[in-house]
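Note sheet for the following structure.
The values are calculated or read from the model by the stated rules, or taken from the named source; none is laboratory data. The structure presented is a predicted model; accordingly, all values stated were derived computationally and were not measured. No Cβ is skipped: glycine too gets one built from the backbone with ideal geometry, and neighbour counts run over all protein chains shown. Accessible surface areas use protein heavy atoms only, side chains included; no ligands, DNA or RNA. Shrake-Rupley method; radii C 1.70, N 1.55, O 1.52, S 1.80 Å.
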Amino acid sequence: MEEIFATEKTRNLVPRIQEFVQNELVPLETAEHLTGNFSKVARQLDEKRELVKKAGLWNLQWSEVEGGHGLSLCEFGQVSEALAWTPFGHYTFNCQAPDIGNMELLHRHASEDIKHRFLEPLKAGAIRSCFSMTEPDYAGSNPVNMGTTATRHQSADRGDEYLINGHKWFTSSADGAAFAVVMAVTNPDAAPHKRASMLVVPTDTPGFELVRNISIMGDASDHWGSHAEVTYDNCRVPASNLIGGEGMGFVLAQERLGPGRIHHCMRWIGIAERCFDLMCRRAATRNMGDGVRLGEKQFIQGYIAESRAELDASRLLVLRTAHNIDKFGAAAVRNEISAIKFYVANMMLRIVDRAIQIHGALGVTDDTLLAWYYRHERGARIYDGADEVHKSALARSILKEYGLDTKKK
């Protein structure tokens with residue numbers, strides 16, 4: 001954590017979180033818990049969640065009035081890095097994706113009834129949720145283009161409702177979730193950015209089908225660790241399940257993604273720090289013969305020096321962006337948000353790869369965390385906007401300041 005961005009709250013919270021993570025969660029990082037189904041470790045993590053509540057560290061992202069610590073986005077970013085030291089951190093503290101984004105969305109835009117039925121138990125950790133936007137038949141990098149529809153009509157026996165039909169995938173954590181936040185086209189004749197809306201769909205609604213948990217480089221997992229393919233076949237939900245207003249889907253998605261990218265980037269920095277630690281421990285102790293340690297090799301020293309510099313630069317970049325979002329709003333720092341998304345994702349993956357290389361054959365086994373990170377974090381350069389999309393958006397914005405119209409045919 002950089003002292004320039006530290007506050008009284010983070011100076012108090014971060015060491016407490018680090019101690020909890022090290023003592024309570026790191027011991028659970030066994031090969032059995034990191035391969036196969038997440039449900040293998042979920043029961044133990046739920047017990048740890050009760051300890052988090054007793055320690056007063058539950059729902060750190062909420063205001064003090066709502067039982068949290070009233071953290072700014074910049075402060076929460078520093079907390080997120082500490083939680084990311086272990087794959088189990090965010091889940092145990094109830095600030096894991098996609099739930100944290102859904103909680104923010106419902107808090108700001110849902111009706112009081114939806115808040116009572118879904119938000120409150122989500123905040124309590126009694127249920128989980130999922131976010132259903134990406135579709136296999138449409139490019140995820142173009143969120144205004146989707147095939148799922150929600151048609152509004154009056155039912156004689158059910159009143160005002162939406163009929164939802166479509167095919168989604170990478171509906172992360174859908175397995176065992178109580179409800180999905182679904183993005184669907186409600187106004188097909190409107191302007192592209194005003195066609196879609198978001199609705200709450202309980203997963204026990206007739207017509208909601210979890211087709212499969214998608215295998216990610218050989219690991220399908222279950223529970224919170226899943227990425228599901230889902231179909232909606234004449235799913236009927238009350239019109240009151242609409243979040244915000246009709247046609248607000250794209251706006252809400254962007255609102256959700258701005259802070260979400262800070263969460264992701266600081267989590268990646270925490271992952272990179274963990275892999276950097278593993279890398280250095282290996283380099284300092286691995287005997288190459290004749291008493292020579294791996295870390296004495298200049299190639300390895302180069303990996304370590306580059307990793308340290310890239311990590312520190314990334315942290316400063318992200319915390320500056322979070323600070324500016326707190327101060328000016330996400331819309332004012334769109335360029336910075338695009339930059340951190342691709343820069344930090346690539347930094348994290350480079351360090352994971354270097355750590356694997358330094359561990360040699362051990363690095364590709366499940367005897368360390370490294371193979372798990374390699375499997376599950378490669379998607380960082382794809383989800384929430386592929387690298388190429390963010391780079392193009394950033395470059396166009398910069399060139400526009402120089403008078404170049406990049407939208408010309």
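Across the options 164, 73, 56, the greatest Cα extent toward the positive end of the charge dipole of the chain (unit charges at beta carbon of Lys, Arg, Asp, Glu) belongs to 73. Summarising the amide proton neighbourhood of residue 227: residues at separation of 5 or more, or on other chains, whose placed amide H is nearer than 5 Å comprise 173, 214. Calculate how steeply helix 8-20 sits against the longest principal axis of the alpha-carbon atoms of the chain, using the helix alpha-carbon long axis, and give the answer as 0 to 90 degrees to the nearest 10. Tilt relative to the chain: about 70 degrees. Shape class for the stretch 140-228: oblate, because the ratio a/c of the largest to smallest gyration tensor axis (alpha-carbon atoms, square roots of eigenvalues) is 1.5 or more and b/c is at least a/b. Could you tell me the center-to-center distance, by alpha carbons, between the stretch 174-215 and the stretch 26-64 in angstrom? When both Cα centres are located, 27 Å separates them. In terms of its C-alpha gyration tensor, the stretch 176-304 comes out prolate, because a/c is 1.5 or above and the ratio a/b outweighs b/c.
For the chain, with the dipole built from +1 on Lys and Arg beta-carbon atoms and -1 on Asp and Glu ones, taken about the Cα centre, which of 203, 148, 298 lies farthest toward the positive end? My answer, from the dipole projection, is 298. Only one residue of 107, 139, 182 has its Cα farthest out toward the positive end of the dipole of the stretch 101-182, where Lys and Arg carry +1 and Asp and Glu -1 on Cβ, and that residue is 107.
Evaluate E = 1/(1 + (r/R0)^6) for residue 239 and residue 308, where r is the Cβ-Cβ distance and R0 equals 41 Å; express this FRET efficiency to the nearest 0.05. Don't jump to the answer; show the numbers that get you there.
Details: r = 54 Å, r/R0 = 1.32.
Efficiency for this residue pair is about 0.15.
For the pair residue 365 and residue 332, what calculated FRET efficiency results from E = 1/(1 + (r/R0)^6), where r is the Cβ-Cβ distance and R0 = 41 Å, to the nearest 0.05?
Numbers: r = 46 Å, r/R0 = 1.12.
Efficiency computed from Cβ-Cβ geometry: 0.35.
Computed from label points 7 Å out along Cα-Cβ, the spacing between residue 138 and residue 296 is 6.1 nm.
Axis angle, to the nearest 10 degrees, between helix 73-83 and the longest C-alpha principal axis of the chain: 60 degrees. Taking 0.36 nm per residue of separation and subtracting the current Cα-Cα distance, fully stretching the chain between residue 157 and residue 55 would add 31.9 nm.
With contacts taken as Cα pairs under 8 Å and at least 6 residues apart, the chain reaches a relative contact order of 15 percent.
Using heavy atoms of the protein chains and a probe of 1.4 Å, the accessible area assigned to residue 19 is about 120 Å².
Among 220, 84, 331, the residue with the largest mean-square fluctuation in a Gaussian network model of the chain, with springs joining Cα atoms closer than 10 Å, is 331. Across 256, 212, 43, mean-square fluctuation computed from a Gaussian network of the chain (C-alpha pairs under 10 Å connected) peaks at 43. With each label modelled as a point 7 angstrom along the Cα→C-beta vector, the residue 287-residue 31 pair spans 2.3 nm.
To the nearest 20 Debye, how big is the dipole of the chain about its Cα centre, given +1 on the beta carbon of each Lys and Arg and -1 on that of each Asp and Glu?
Details: 47 positive and 52 negative charges, 178 e Å.
So the dipole magnitude of the chain works out to roughly 860 debye.
Extension gain residue 193-residue 39, at 0.36 nm per residue separation less the Cα-Cα distance, in nm?
Details: separation 154, 0.36 × 154 = 55.44 nm, distance 3.83 nm.
That pair, residue 193 and residue 39, stretches by 51.6 nm at full extension.
In this simple spin-label approximation, residue 277 and residue 12 carry label points 7 Å from Cα along the Cα→Cβ vector, and these lie 2.4 nm apart.
Eigenvalues of the Cα gyration tensor times 5, then square-rooted: what semi-axes does that give for the stretch 8-159, in whole angstrom, largest first?
So the equivalent ellipsoid measures 32, 20, 16 Å along its semi-axes.
Classification of the stretch 102-167 by its C-alpha gyration tensor yields an oblate form. The axis ratio a/c (a ≥ b ≥ c) is 1.5 or more, and b/c is at least a/b.
Pairs exceeding 27 Å between alpha-carbon atoms, taken from 9/53; 115/341; 123/391; 48/341: 115/341; 123/391; 48/341. Taking the chain as a Gaussian network, where each spring joins two C-alpha atoms under 10 Å apart, which residue of 239, 309, 228 fluctuates the most? Looking only at 239, 309, 228, the largest GNM fluctuation is found for 309.
Once the chain from residue 402 to residue 383 is taken as fully extended at 0.36 nm per residue, the excess over their C-alpha distance is 3.8 nm.
Rolled with a 1.4 Å probe across the full set of protein chains, the surface gives residue 62 an accessible area near 20 Å². Close amide H partners of residue 293, meaning residues 5 or more places away or on another chain with modelled amide H under 5 Å apart, are 288.
Among [x] 1.26; [y] 1.02; [z] 0.96, which is the computed Cα Rg over 2.2 N^0.38 Å? Checking each listed value against the structure points to [y].
Against the main long axis of the alpha-carbon atoms of the chain, helix 249-285 sits at an angle near 20°.
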